[in-house]
Amino acid sequence: MKSNYSKKVKRKASAMEILQTERSYLNSLKLLIDVILVPARNNQTISEDDLHTIFSVLENIYAINTELLHRLETTLAHYDEEETMIGNIFLELAPYFKSYSQYCDNYDRALQLNNKLCQTNPSWKELVGNIYEHPESHRLTLNMYLIMPVQRIPRYHLLLSALCEHTDPSHKDYDNITAAVSALKAVALTVDHSVKNSENRARVMQISQQLANFREGFVCSLLLSLIGQILFCHSLYI
């Protein structure tokens with residue numbers, strides 16, 4: 001009896017953790033959009049192409065998660081151990097989480113471009129500094145905000161797995177939760193694959209640049225060597 005009561009307490013705690021972390025996550029996305037993305041677009045601080053490279057489908061993700069938060073808040077506002085269902089919410093929205101794969105596939109390019117613009121575009125560097133100085137940002141940088149969607153899908157999988165662990169198999173939401181765990185695991189694997197692809201592209205670009213620099217340096221060294229030989233030979237006839 002005590003064990004069953006403890007399981008119910010933990011199930012509610014797991015459900016509330018999903019809700020609380022979703023609120024925090026969505027607030028962070030809103031801050032990123034309001035403080036950086038929208039002002040940059042309105043003021044044409046950088047080109048639309050560069051904005052898309054840095055933020056990709058972030059606004060689509062924000063819309064999806066706004067709907068998720070709305071459903072969670074509506075469902076958990078009057079939590080009932082027997083009637084409250086959460087698994088179905090994630091099951092219905094799981095297909096839309098594919099936007100995260102697109103975001104993650106672009107993630108490394110976003111970081112590279114942001115770092116480059118901070119070095120070459122003073123207006124962008126100043127704008128990016130606004131989010132770090134914002135009173136609600138907890139002194140986080142733009143790159144720290146950009147990684148949040150990358151981390152979110154694996155976090156969903158962990159949160160739902162915990163909820164499943166504390167849900168009795170006889171509960172009417174149990175099958176929904178187990179199906180949602182499987183669905184989010186599949187999305188997490190796709191996201192992980194996208195991140196690895198992005199990292200591999202970055203490594204290839206880095207190696208290509210190093211080879212280009214090496215070739216350039218090698219050619220310069222060869223030219224200097226030839227010039228030195230020519231000057232030396234010329235001095236012999238003076």
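The values are calculated or read from the model by the stated rules, or taken from the named source; none is laboratory data. Treat the numbers as computed from the prediction; the structure is a model and nothing was measured. Quick reminder, even Gly has a Cβ in these numbers, built from the backbone with ideal geometry, and neighbours come from all protein chains shown. Each accessible area value is taken on the protein alone, full model and side chains, heavy atoms only, with ligands, DNA and RNA left out. Shrake-Rupley method; radii C 1.70, N 1.55, O 1.52, S 1.80 Å.
Looking at segment 137-190 only, could you name the residues that are of a type in the set (Val, Ile, Thr), modelled with pLDDT of 90 or more and out of contact with any Lys or Arg (no Cβ under 6 Å at 6 or more places or on another chain)? Across segment 137-190, the qualifying residues are Thr141, Ile147, Val150, Ile153, Ile177, Thr178, Val181. Just for segment 162-179: of the residues that are open to solvent by 50 Å² or more (accessible area, probe 1.4 Å) and not in a loop (DSSP other than H, G, I, E, B), which one is nearest to Ala94 (Cα to Cα)? Checking each candidate, the answer is Asp175.
Being among the aliphatic types (A, V, I, L, M), within 14 Å of Lys30 (Cα to Cα) and buried (at least 17 other Cβ atoms within 10 Å of the Cβ) is the filter here; which residues of segment 40-63 pass it? Scanning segment 40-63 gives Val57, Leu58, Ile61. Among the residues of segment 22-66, which ones are in a helix (DSSP H, G or I), polar (S, T, N, Q) and farther than 25 Å from Leu93 by Cβ? Hits for segment 22-66 are Asn42, Asn43, Thr53. For segment 3-21, the criterion of a residue being small (Gly, Ala, Ser), open to solvent by less than 30 Å² (accessible area, probe 1.4 Å), part of a helix (DSSP H, G or I) and touching a residue at least 24 places away in the same chain (Cβ under 8 Å) is satisfied by at least one position. Gln206 meets the stated requirement of being modelled with pLDDT under 70 and either open to solvent by 30 Å² or more (accessible area, probe 1.4 Å) or within 17 Å of Tyr100 (Cα to Cα) (or both).
For segment 95-121, the tally of residues that are over 16 Å from Thr141 (Cβ atoms), open to solvent by 10 Å² or more (accessible area, probe 1.4 Å) and in a helix (DSSP H, G or I) stands at 11. Taken over segment 141-161, the residue count meeting the criterion of being over 14 Å from the mean Cα position of the chain (by Cα) and open to solvent by less than 70 Å² (accessible area, probe 1.4 Å) is 4.
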